[in-house]
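**Student:** One structure coming up, written as structure tokens, with questions to follow.
The values are calculated or read from the model by the stated rules, or taken from the named source; none is laboratory data. Predicted model only: the values in this text are computed from it and were never measured. Ideal geometry is used to build each Cβ from the backbone, glycine not excepted, and the neighbour counts take in all protein chains shown. Accessible surface is based on the protein model in full, side chains and every heavy atom, while ligands, DNA and RNA are left aside. Shrake-Rupley method; radii C 1.70, N 1.55, O 1.52, S 1.80 Å.
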Amino acid sequence: MRNRPRPIWHASACATGADYVIQVEGLSKTYRVAEKQPGLAGTLRHFVQRRTRDVTAVQDVSFAIEPGEMVGFLGANGAGKTTTLKMLCGLIHPSAGEVQVAGFSPQRRQAEFLRRITLVMGQKQQLLWDLPPMDSLRVNAAVYGIPDGVARRRISELADLLELGEELTRPVRKLSLGQRMKAELLAALLHEPEVLFLDEPTLGLDVNAQARVRTFLADYNRRTGATVLLTSHYMADITALCPRVLLIHQGRLFHDGPLDSLAEQLAPEREVRLELESPVEPDALAGLGRLEQIEGCEVRLLVPRDQLTAVVAQLLERFPVRDLDVTDPPIEELIGGLFRQGRV
């Protein structure tokens, strides 16, 4: 089910809203910002006659997410990702459109709604800087009305999954960035939310810490069936966790579908790297794909997907091949090209 495209939700779908955890229709957000020229003269003019302009952060965004999905939300800086997440959490009121999350209207910020969601932002923290994470966790448990015994069990289980031990009893300021991020995740998941909004959860972490956080999130999704909407600038996060992606550019959603099919659509060719026993002339490779590079015995070709089998067979037959590798172009390059174009 997760690998097929998801339909855009429309108002007529309200009767079947139980099929979706997150439903967004025509979501928009416009800010009114003041314009001020630099210098003293600009400040005086701004004081006497203030000028403003409207800035559209999100415009007419629609999508729907089913229970248990892990969906990647991608876009360049300033594309509207964080603004959208904040509207889904009720932190920002939309200028237009309709939103439902877990059957609730987020902007009403009802207590039951807040028990069902969590928001983790890699550049923000909820743990108290001078106290150990355990103290903040006890406060969170009290806020959510979690009994002491249940809270201790959940903390122990999550700490084991996140490989946290004595770090929970040391002041937050003495923890490494990776340890703090894992403690932040523990705090955010203590009340067992059904919906996770994750905004750059691996921001600034080293490669090993990123891998551990990804493994934890995948395991948490499998165990609990939680729905996850994830933004990240690390494509490894998206490719490891999210079969489906939403792409946003300048506030507009311009793609919603499986990541695999997107890569196939953007990259109709596959990359073939060869290591030959002896150098060959470029003319010898004519008709065997598009020659991208030839350096001594190293050759790199781009071959149409539907011709790949035949071309590889010819290469092996015509040349003394030491090594051959077939790969897809890096997904980062494909997505980067999309953002530059603003369309699929």
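**Student:** Would you calculate, for the chain, the mean residue ellipticity at 222 nm contributed by helices, counting each DSSP H stretch of 4 or more residues as -39,500 (n - 2.57) and dividing by all residues, to the nearest 500?
**Tutor:** When only DSSP H runs of four or more count, the value is -10500 deg cm²/dmol.
**Student:** Using protein chains only and a probe of 1.4 angstrom, how many square angstrom of R138 are accessible, to the nearest 10?
**Tutor:** Taking all protein chains as shown, R138 has close to 150 Å².
**Student:** Tally Lys and Arg at +1 and Asp and Glu at -1 over the other residues with C-beta under 9 Å from the C-beta of V172: what net charge comes out?
**Tutor:** Overall, the nearby charge balance is +3.
**Student:** Over the range 195-255, how many percent of alpha carbon pairs lie in each 10 Å bin up to the one with the longest distance?
**Tutor:** 20, 54, 23, 3
**Student:** Quick check: Cα centre of the range 254-308 to Cα centre of the range 202-236, how many Å?
**Tutor:** 31
**Student:** Also: So how far apart, in nm, are the two label points at R45 and A284 if each is 7 Å from Cα heading toward Cβ?
**Tutor:** 7.0
**Student:** For H233, what charge total do you get from the other residues with a beta carbon under 12 Å from its beta carbon, if Lys and Arg give +1 and Asp and Glu give -1?
**Tutor:** -3
**Student:** Sticking with this structure for a sec: Probe 1.4 Å, all protein chains in place: accessible area of R115 in Å², nearest 10?
**Tutor:** Its accessible surface works out to 110 Å², give or take rounding.
**Student:** Loop by DSSP (not H, G, I, E, B), at most 16 other beta-carbon atoms within 10 Å: where is the longest site-free stretch of the chain for chymotrypsin sites (Phe, Trp or Tyr not before Pro)? Don't skip to the answer; put the middle values down first.
**Tutor:** Values: sites that count: W129, Y144.
Between exposed loop sites, the widest span is 145-344.
**Student:** If I fit a long axis through the Cα atoms of helix 308-318 and take the longest principal axis of the Cα atoms of the chain, what angle between them do I get, 0 to 90°, rounded to 10?
**Tutor:** In the chain, helix 308-318 runs at an angle near 40 degrees to the longest axis.
**Student:** In whole Å, what are the Cα extents of the range 65-171 along the three principal axes, biggest one first?
**Tutor:** Computed over the Cα atoms, the extents are 46, 31, 27 Å.
**Student:** Can you give the accessible area of I294 in Å² (nearest 10), computed on protein heavy atoms with a 1.4 Å probe?
**Tutor:** I294 exposes around 60 Å² with every protein chain in place.
**Student:** Another question about this same structure. Using the alpha-carbon atoms, what tilt in degrees (0 to 90, nearest 10) does helix 207-224 show relative to the longest principal axis of the chain?
**Tutor:** Helix 207-224 sits roughly 70 degrees off the main axis of the chain.
**Student:** Name the shape class, rounded, prolate or oblate, that the alpha-carbon gyration tensor gives for the range 42-109, where a ≥ b ≥ c are the square roots of its eigenvalues, rounded holds for a/c under 1.5, and otherwise prolate holds if a/b is larger than b/c and oblate otherwise.
**Tutor:** prolate
**Student:** Note down the nm distance, to one decimal, between modelled labels 7 Å out along Cα→Cβ at Y31 and at A111.
**Tutor:** Between Y31 and A111, the simple spin-label model gives 3.3 nm.
**Student:** Also, quick follow-up: Could you list log10 I(q)/I(0) for the chain at q = 0.14 Å⁻¹, which the Debye formula gives when each Cα is one point scatterer?
**Tutor:** Debye intensities relative to I(0), on a log10 scale: -1.12.
**Student:** Over the chain, with the other protein chains present, what is the accessible area per residue in square angstrom, probe 1.4 angstrom?
**Tutor:** In whole numbers, the chain has 51 Å² accessible per residue.
**Student:** Let me ask something else. Can you sort L308, L128, L161, L246 by 1.4 Å-probe accessible area, starting with the largest? Walk me through the numbers before you get to the answer.
**Tutor:** Numbers: L308 25, L128 90, L161 65, L246 0 Å².
Result, largest first: L128, L161, L308, L246.
**Student:** Over all pairs of distinct alpha carbons, what does the Kirkwood formula give as the hydrodynamic radius of the range 204-344, in Å? Present the calculation step by step, with values, prior to reporting the outcome.
**Tutor:** Numbers: mean 1/r = 0.0561 Å⁻¹.
Taking every pair of different Cα atoms in the range 204-344, averaging 1/r and inverting gives 17.8 Å.
**Student:** Which entries of K81/K124; K86/K182; K36/K81; K124/K182 show an alpha-carbon separation above 24 angstrom in the structure shown?
**Tutor:** Among K81/K124; K86/K182; K36/K81; K124/K182, the Cα-Cα distance tops 24 Å for K36/K81.
**Student:** Along the Cα→Cβ direction, 7 angstrom out, place labels at Q125 and R340. What is the inter-label distance in nm?
**Tutor:** About 3.8 nm, to one decimal.
**Student:** Further question: Starting from the Cα-Cα distance between D60 and R152, subtract it from 0.36 nm times their residue separation and give me the gain in nm to one decimal.
**Tutor:** 28.7 nm
**Student:** Non-local amide H neighbours of V280 (under 5 Å, H modeled in plane, Pro and chain starts lacking H): which ones?
**Tutor:** Amide H neighbours of V280, under 5 Å, 5+ apart: none.
**Student:** Right, something else. Express the carbon and sulfur contribution to the solvent-accessible surface of the chain as a percent, rounded to the nearest whole number, probe 1.4 angstrom.
**Tutor:** Carbon plus sulfur share of accessible area: 49 percent.
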